[in-house]
Amino acid sequence: MGMADEVRAYFAGRRFGPPCTEAAIRRAEDALGESLPPALRELYLAFDGFSGPTDAAFFWPLSAPEAGDGGLVEMNLFFRGDDLFPQELVTRCLFFGDGGIGPQWGLHRDRPGEVIKWDARWGAEVEVAGDTPLAAWLAEQRFYDEVTGA
């Protein structure tokens, strides 16, 4: 079972977007000026984003469906285009989702095998959220379950 199948199994009942096409992924990569990491490519080919327990965009759509919405391309270009954010960090990362409040999850080019969690309030500091996007999402789901008593 691939990671995309595992995500669908663990988050059954959540809203998943339709699969992205290779052409859409190439357009996103051109806009970002970099290739998607294999894990994100696999997920986008299976579904274009999904919502977590509070309807937060655990996995952002590849591109924003409408102006003002957050997609992977738009959010990363936003972070990289504003000196308010630590450019030494955001230019080395590809952020792909969030839990609805605060921190984003991302992949850092210099930290293979780790998913990081970062909030703009932390400056250039990050936390390790897991070794795969799924591990980070499951940790967030466990936290939500503890808070709500689920």
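The values are calculated or read from the model by the stated rules, or taken from the named source; none is laboratory data. Because the structure is predicted, anything quoted here is derived from the model rather than measured. Areas reflect the complete protein model, heavy atoms only, side chains present, ligands, DNA and RNA absent. Shrake-Rupley method; radii C 1.70, N 1.55, O 1.52, S 1.80 Å.
Computed over segment 77-150, the percent of Cα pairs more than 19 Å apart is 34.
Please work out the C-alpha center-to-center distance from segment 1-30 to segment 44-64 and express it in whole Å. Between the Cα centres of segment 1-30 and segment 44-64 lies a distance of 8 Å.
Calculated accessible area for the chain comes out at 51 Å² per residue, all protein chains present (probe 1.4 Å; ligands, DNA, RNA ignored). Shape analysis of the chain yields a ratio of the Cα radius of gyration to the Kirkwood radius, Rg/Rh, of 0.94. Note: relative contact order over segment 100-149, using C-alpha pairs below 8 Å and six or more positions apart, is 26 percent. Across segment 1-137, Cα pairs under 8 Å and at least six residues apart give a relative contact order of 17 percent.
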